[in-house]
1. How about the stretch 1-110: which strands (runs of 3 or more DSSP E) wholly inside it have at least 3 residues that are free of Cβ contacts under 8 Å to residues at least 40 places away in the same chain and not acidic (D, E)?
2. Given the criteria within 19 Å of V201 (Cβ to Cβ) and in contact with a Gly (Cβ under 6 Å, 6 or more places away or on another chain), does I263 qualify?
3. Of the numbered conditions (1) free of Cβ contacts under 8 Å to residues at least 40 places away in the same chain; (2) assigned to a strand (DSSP E or B), A321 fails exactly one; give the number of that condition.
4. Given the conditions (1) surrounded by fewer than 23 Cβ atoms within 10 Å (Cβ to Cβ); (2) among the small types (G, A, S); (3) under 19 Å from L313 (Cβ atoms), report the number of the one that A226 does not fulfil.
5. If the requirement is being out of contact with any Leu (no Cβ under 6 Å at 6 or more places or on another chain), open to solvent by less than 10 Å² (accessible area, probe 1.4 Å) and farther than 20 Å from V88 by Cβ, which of these qualifies: L36, L65, L58, L14?
6. For the stretch 204-295, give me every one of the helices (runs of 4 or more DSSP H) that falls completely inside it and has 3 or more residues that are farther than 25 Å from S92 by Cβ.
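The values are calculated or read from the model by the stated rules, or taken from the named source; none is laboratory data. Computed from a prediction, not measured in an experiment: that's the story for all the values here. Glycine gets a Cβ as well: all are built from the backbone with ideal geometry, and neighbour counts include every protein chain shown. The protein model used for the area step is the full one, side chains on, heavy atoms only, and it has no ligands, DNA or RNA in it. Shrake-Rupley method; radii C 1.70, N 1.55, O 1.52, S 1.80 Å.
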Amino acid sequence: MSVLIYTENEGGKLKKASFEIASYAKEIAQSLGTTLTAVTINAEDTSVLGNYGVDKVLEIKDDKLSTFNAKAYADVISQAAEKEGAKVIVVSSSADSKYLAPLMAVKLDAGYASNAVALPESTAPFKVKRMAFTNKAFNITEITTDVKIIGLSNNAFGLKETNGAAAAESFEGKAEGDFAVNVSAVDKATDKVSIADAEVVVSGGRGLKGPENWGMIEELAGVLGAATACSKPVSDMGWRPHSEHVGQTGKPVASNLYIAIGISGAIQHLAGINSSKVKVVVNSDPEAPFFKAADYGIVGDAFEVLPKLIEKLKEFKANNA
């Protein structure tokens, strides 16, 4: 019996979330007295997984799986789980994994607990703490099925290096997904931090008054090594691409630090970023709803506050280089 993880990659490079679920799953494996196996699909360098506790890597190489296909991925990962006799499977909370995990649960007759934020409180019975009610509360979920699937919330556990080594093994699963629709090309910005993987997110709203003022957001993000994001009205007006829209109806954010500039704080936006650990808001309206949810707030004009904040951060980095 082994604990199994599915490690996502982008363009062959493993994502940060893959190292986090490896760190998390390793501790579960140790508590169960077993080993940790990772499944990769068309990943390039899998040896690094050994540094995060993985004992064995099942490498799947299949040109048909070069782009994400939920049913096909569920097929091959479930087959890997059956091969390893895995009773606990851990995936991330990415959009792909949230699509994938329920399909795997059906195939394996498994229980699925999404949005987990901590190690299991107990393994007999198997109980895990998870977020609920659009991240406004926590609950303790007991999984009673023989096979258990956990979706770990991003940035909920962190990375823990073990300096181990993982043995690589080729695995050929039988993918039976629908391949009638093919992705011919995917164009992505390569010089920006992904919102899904970012530990810091700088987000702008209508308070910035127009797309021509977004340079301040990008400069602040550059200083902090952060991803840029925006509110729904901003993307709806075409100021920023929809890929940067965060909130309940956009991309969820679970960063360590979320900085909101000129965003009032509609309930849908707050629901989507509530998992972020520290929230900072800059707004000229002292009655903006975001202040009630923020850990730190600055009442002031963004066009005055941001240049000073950027200047001070640059000074701080220069003095601590």
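1. In the stretch 1-110, 35-41 are the strands (runs of 3 or more DSSP E) which contain 3 or more residues that are free of Cβ contacts under 8 Å to residues at least 40 places away in the same chain and not acidic (D, E).
2. Taking the combined requirement at face value, the residue satisfies it.
3. The one condition A321 does not meet is (2).
4. (1)
5. Matching residue, one of L36, L65, L58, L14: L65.
6. It comes to 215-224, 232-236, 290-293.
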